[in-house]
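The values are calculated or read from the model by the stated rules, or taken from the named source; none is laboratory data. Quick caveat: nothing in here was measured; it's all calculated off a predicted structure. A quick note on method: Cβ atoms are made from the backbone with ideal geometry, for glycine too, and the neighbour counts reach across all protein chains shown. The protein model used for the area step is the full one, side chains on, heavy atoms only, and it has no ligands, DNA or RNA in it. Shrake-Rupley method; radii C 1.70, N 1.55, O 1.52, S 1.80 Å.
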Amino acid sequence: MESESGSSVSLKVFNLNCWAIPYMSKHRQVRMQHLGDLLNQKNFDLALLQEVWSERDFESLRQKLLPNYTWAHYFRSGFIGSGLCVFSKHPIQEIFLHTFSLNGYPYKLQHGDWFCGKAVGMVVLEICGILVNVYVTHLHAEYNREHDSYLAHRVAQAWELAQFIHHTSRRADVVLLSGDLNSHPGDIGYRLIREWIGLDDSYLETQDFQGCEDGCTMVPNNCFVSSKEMESFPRGVRIDYILFKAISGFHITCDALTTTTGSGPNDTTGHSLPLSDHEALMATLSIRPAPIEHKRNFTRDPEAQASLMDVLHEAWTEMGLGLAGARQWVYSTGHLLSLGLLLLFLGVGTMLFEDIPWVAEALFMVLGVIVLIGSGALYLTSLHESKALYEAQAEIELAMEMAKEAQPEVVELYTNPPLIRTSVRFKVKQ
């Protein structure tokens with residue numbers, strides 16, 4: 001770390017999805033101890049963690065890391081917490097948490113994302129006179145790549161994340177996004193975040209990479225990773241990222257990037273024990289003032305703008321498919337609500353006839369209440385989902401329209417068909 005004058009500033013960043021679920025994650029406490037030892041040994045500037053589901057684990061880490069990481073924050077959301085936390089050598093000036101509008105379904109208890117309150121946490125640091133906005137996040141899990149029922153939610157989260165960074169980083173000199181995006185490099189969520197904000201990927205930008213092949217962060221030789229889930233990906237998958245960009249007259253590069261490789265310190269049995277089912281990312285970034293001739297140009301060239309519009313259109317389409325499904329659920333559960341009300345009325349009506357057994361009356365009443373409560377919950381969930389997806393679609397549609405007006409030459413390169421209009425603008429009849 002050097003002075004504010006004109007010298008470069010080195011920033012060492014650590015990222016890990018810790019897989020620390022109380023009572024469920026194997027060897028959780030031992031792994032958290034090893035994590036604390038590693039962070040103290042390496043002495044990073046920033047440690048950005050996901051899936052630290054227990055505040056007790058966070059407090060234990062905080063006490064252990066206090067000599068080297070004076071500043072720390074745990075982001076709380078949902079019913080069991082976001083699992084996001086930050087440890088920093090540099091003073092934290094501001095903190096903010098934004099919970100995503102869509103987070104899966106409360107009735108899918110086996111997945112639990114809805115109860116976590118998936119979110120993005122932001123901390124603002126000033127490092128040697130450079131204002132750095134740091135974002136840590138964890139998007140909705142995929143579970144089944146072939147039949148991904150959460151794709152629309154994850155794309156909506158990616159858009160919301162990109163918008164959040166776009167609107168909160170206007171004063172920043174440097175933006176740093178780290179976390180588990182649950183998206184492969186070619187997936188729409190990853191591309192949407194990168195292209196809308198203009199972020200660089202540390203794995204793609206570094207000249208010095210050491211770690212898993214292709215930068216993968218979930219690999220088959222990790223003992224905590226299910227071999228069945230990795231059958232289609234013999235080399236592993238890359239779903240954890242450190243992304244960055246410089247804004248106001250600065251230039252940022254990734255000098256080195258390292259990942260863990262599926263093994264770790266020995267456990268009590270003498271076997272190699274990884275830190276998590278994910279691999280850790282360790283990046284060394286350099287921030288320096290940019291020469292006047294290399295000041296960042298915020299206007300994209302036509303090809304880049306056309307590529308962005310293709311990504312926006314793809315995201316719009318995916319959310320449209322999710323919206324159609326949500327509206328179908330609203331329609332179906334609305335009919336179930338009517339059925340529940342009918343059963344309740346029948347139960348009340350049977351009380352007027354003395355010759356109808358009380359068992360039949362009770363049966364109508366109980367069935368009516370069950371159907372009414374169940375369908376009511378599903379109706380409200382689907383209604384919320386449809387509204388959130390519709391809003392995201394409208395935002396993307398407006399972004400595409402503004403981009404076309406700003407750079408008309410993009411229309412010639414743009415390959416997707418026109419959008420079916422939602423609600424952004426009304427034309428006045430002449």
Within the bounds of segment 33-49, is there any residue that is open to solvent by 60 Å² or more (accessible area, probe 1.4 Å), on the phi < 0 side of the Ramachandran plot and small (G, A, S)?
-> no
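Just checking, how many residues over segment 117-153 are closer than 22 Å to I80 by Cβ and either in contact with a strand residue (DSSP E or B) (Cβ under 8 Å, 6 or more places away or on another chain) or open to solvent by 10 Å² or more (accessible area, probe 1.4 Å) (or both)?
At the first step, the residues of segment 117-153 found to be closer than 22 Å to I80 by Cβ are 117-123, 135-143, 149-150, 153.
Those left that are additionally either in contact with a strand residue (DSSP E or B) (Cβ under 8 Å, 6 or more places away or on another chain) or open to solvent by 10 Å² or more (accessible area, probe 1.4 Å) (or both): 117-123, 135-139, 141-143, 149.
The number of residues fulfilling the criteria is 16.
Given the criterion surrounded by 23 or more Cβ atoms within 10 Å (Cβ to Cβ) and either farther than 13 Å from A280 by Cβ or at pLDDT below 95 (or both), identify the matching residue among I242, I197, I193. Can you show your working first?
Details: I242 fails: either farther than 13 Å from A280 by Cβ or at pLDDT below 95 (or both); I197 fails: surrounded by 23 or more Cβ atoms within 10 Å (Cβ to Cβ).
Answer to the selection: I193.
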Output yes when any residue across segment 229-240 is within 20 Å of the chain's Cα centre (by Cα) and part of a helix (DSSP H, G or I), and no when none is.
-> no
Consider C18 carefully, then state whether it is in contact with a strand residue (DSSP E or B) (Cβ under 9 Å, 6 or more places away or on another chain), surrounded by 16 or more Cβ atoms within 10 Å (Cβ to Cβ) and under 23 Å from L273 (Cα atoms).
-> yes
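Could you please find all residues in segment 31-48 being within 11 Å of S276 (Cα to Cα) and in contact (Cβ under 8 Å) with a residue 40 or more places away in the chain? Let's see the steps before the verdict.
Pass one, segment 31-48, residues within 11 Å of S276 (Cα to Cα): 31-32, 34-35.
Result: R31, H34, L35.
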May I ask you to verify whether S88 is among the hydroxyl-bearing types (S, T, Y) and open to solvent by less than 10 Å² (accessible area, probe 1.4 Å)?
-> yes
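I'd like to know if segment 101-108 contains one or more residues that are more than 26 Å from A162 (Cα to Cα), of a type outside the set (D, E, K, R) and crowded, with 16+ Cβ neighbours inside 10 Å.
Taking every residue of segment 101-108 in turn, none turns out to be more than 26 Å from A162 (Cα to Cα), of a type outside the set (D, E, K, R) and crowded, with 16+ Cβ neighbours inside 10 Å.
Among the residues in segment 245-253, are any in contact with a helix residue (DSSP H, G or I) (Cβ under 8 Å, 6 or more places away or on another chain) and closer than 23 Å to H140 by Cα?
Of segment 245-253, the ones in contact with a helix residue (DSSP H, G or I) (Cβ under 8 Å, 6 or more places away or on another chain) are 245, 251, 253.
Still in the list and also closer than 23 Å to H140 by Cα: none.
Looking for residues that are in contact with a helix residue (DSSP H, G or I) (Cβ under 8 Å, 6 or more places away or on another chain) and closer than 23 Å to H140 by Cα, one finds none in segment 245-253, hence no.
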Sole miss for F96 among (1) in a loop (DSSP other than H, G, I, E, B); (2) open to solvent by 60 Å² or more (accessible area, probe 1.4 Å) is condition (1)
